[in-house]
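Below: one structure, written as structure tokens.
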Amino acid sequence: MFKKFSPTTDIAGHTPVKTSIQRGIRAGILSQWKIEPETLEAIWPKKEGLVLVKCREHISIYTVHNEPLLFQHFDGPYYPTLQLLHKYPYILPMVKVDRGAIRFLLAGAHMMCPGLTSVGGYLPPADASLPAGTPVAIHAEGKDNAVGIGITKLGTEEMRKVNKGVGVELATYLGDDLWALQTL
Amino acid sequence: MPSKKNATPANPAPAVEDPDAPPPPDPVPPVQVLYCAVCTFPPEYCEFGASLTRCKEWLKEEHPDLYDKYYSEDALTAKLGTLSVEAQSKLEKDTAKKEAKAEAKADAALKKKMASQVTIKRIERNKRKHVTSIHGLEAFGIDLKKAAKQFSSKFATGSSVTKNPQGLEEIVVQGDVSDEIVEMIEAGVGVLKGIPADNVEVVEEKKKKGAE
């Protein structure tokens, strides 16, 4: 999503978000992420207005104090930025890719099933399986921090069964243009 | 009215949360993640970046304990765990190649920067009236908006960032201030830093006859 993104050409405008809509976003985040209301309050105080940064291709980035916090594609789920995810690693469910896949991940490729199902990879166990269309934190074999954020294209059980093709579609990753953008 | 509405959805959540959780639920403190000063990645990912050698140097200097953790012999052999040797060697080769490429790119960018010109143009608007347009500041990493603001406060005239017919951005200052701007650039006032004086060029543009 952010492989090629330059603030000068891809941003359409900054607008403060109405409080009524902010309330909706807050509720949406609380239901989608595993985050306590208190923690959310700490990263996004109620008093601080959210600013919507509209970008091309229906991407909206929300910022607080000019720092990107979360983004959204169309009306899809809210994704935290990678910086935020590093600070609060537990807010998204985790999948892990093996070492061979890191190189491709850092080049912006979608994650294929075999990289997730192999020995170095990790998928949630069957009793905590994720349906398709869940935002996930992508970790890497032998590393502590998340390397990207993506959305599952197949259910995790399905990934195990099919073991072929795209399993997780990448939204943002370490070193893409959103990562380089510390402030907006 | 809005405050009342605001209170309704916020209140029930902690009320439900409170009985089973400890009474004053503190916000969870963020995890402090160390980022490499060279490539901005967490240091464990430096090996995939384009500047591994410099990252390694930085880490050795700033955080020797972490350097041992990531780049000692044990760590390297442990990393090989699941990956075949030839895949690893290929990876290393790729990294080296990438590094060389990135360095060459940085070199080229620097060269380009040194060669790029700043053009200060005096444009006649009326017989006695001029505007001054400054083009090419962005090549030196100057924020055009800030520079425009600086000009307008310095000369007490209007100054704005506009797109010229070629679609490139330039600063247009009202009034003939080209000489003063040259002086400012040479002195490096405010945001106008790092421009070699040789790269500054002053041009005069007369209005064409008969043009509106």
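Here, each number is a calculation from the coordinates, and none is a lab measurement. Bear in mind that the values here come from a model prediction, so they are computed numbers and not experimental data. Every residue, glycine as well, gets a Cβ built from its backbone with ideal geometry; the counts of neighbours run over all protein chains shown.
State, as an integer percentage, the relative contact order of chain A based on alpha-carbon contacts under 8 Å between residues 6 or more apart. Walk me through the numbers before you get to the answer.
Details: 341 pairs, mean separation 40.1, N = 184.
Over chain A, the number comes to 22 percent.
Placing a label point 7 Å from the Cα of A:GLU158 along the Cα-to-Cβ direction, the residues of the range A:115-142 whose backbone N falls under 13 Å from that point are A:130-134.
So if the hydrodynamic radius of the protein assembly as shown is defined as the Kirkwood radius over C-alpha pairs, what does Stokes-Einstein give as its diffusion coefficient at 10 °C and 1.306 mPa s, in µm² per second?
On the way: Rh = 24.9 Å.
Once the numbers are plugged in, D ends up at 64 µm²/s.
In a reduced charge model with +1 at each Lys and Arg Cβ and -1 at each Asp and Glu Cβ, the protein assembly as shown shows a dipole moment near 1740 debye about its Cα centre. With unit charges on the beta carbon (Lys/Arg positive, Asp/Glu negative), name the residue among A:LEU170, A:PRO93, A:ALA140 whose Cα is farthest towards the positive pole of the charge dipole of chain A. Farthest along the dipole direction, towards plus: A:LEU170.
Across the range A:90-123, the residues whose backbone nitrogen lies under 18 Å from the label position 7 Å along the beta-carbon direction of B:GLU99 are A:103. In units of the rule-of-thumb radius 2.2 N^0.38 Å, the range B:103-212 shows an alpha carbon radius of gyration of 1.11.
Which Cα, out of A:THR39, A:THR8, B:TYR35, lies furthest along the positive dipole direction of the protein assembly as shown (beta carbon charges, K/R +1, D/E -1)? Positive-end residue among those listed: A:THR8. Normalised by 2.2 N^0.38 Å, where N is the number of residues, the alpha-carbon radius of gyration of the range A:54-168 equals 1.06. Across the range A:141-184, Cα pairs under 8 Å and at least six residues apart give a relative contact order of 41 percent. For A:LYS46, put the label point 7 Å out on the Cα→Cβ axis and report which residues of the range A:72-87 keep their amide N under 12 Å from it. Counting backbone N atoms under 12 Å from the label point, the list is empty.
Can you give the relative contact order of the range B:149-192 as a percent, counting alpha carbon pairs under 8 Å and 6+ residues apart?
Values: 36 pairs, mean separation 13.1, N = 44.
Taking the mean separation of contacting Cα pairs over the length of the range B:149-192, I get 30 percent.
Charges at C-beta only: +1 for Lys and Arg, -1 for Asp and Glu. How large is the resulting dipole of the range A:7-87 about its Cα centre, in Debye rounded to 20? Present the calculation step by step, with values, prior to reporting the outcome.
Numbers: 9 positive and 8 negative charges, 36 e Å.
With only Lys, Arg, Asp and Glu charged at Cβ, the dipole is about 180 debye.
Under the combined filter of DSSP loop state and at most 10 neighbouring Cβ atoms within 10 Å, the range A:108-181 retains none of its GluC sites (Glu not before Pro).
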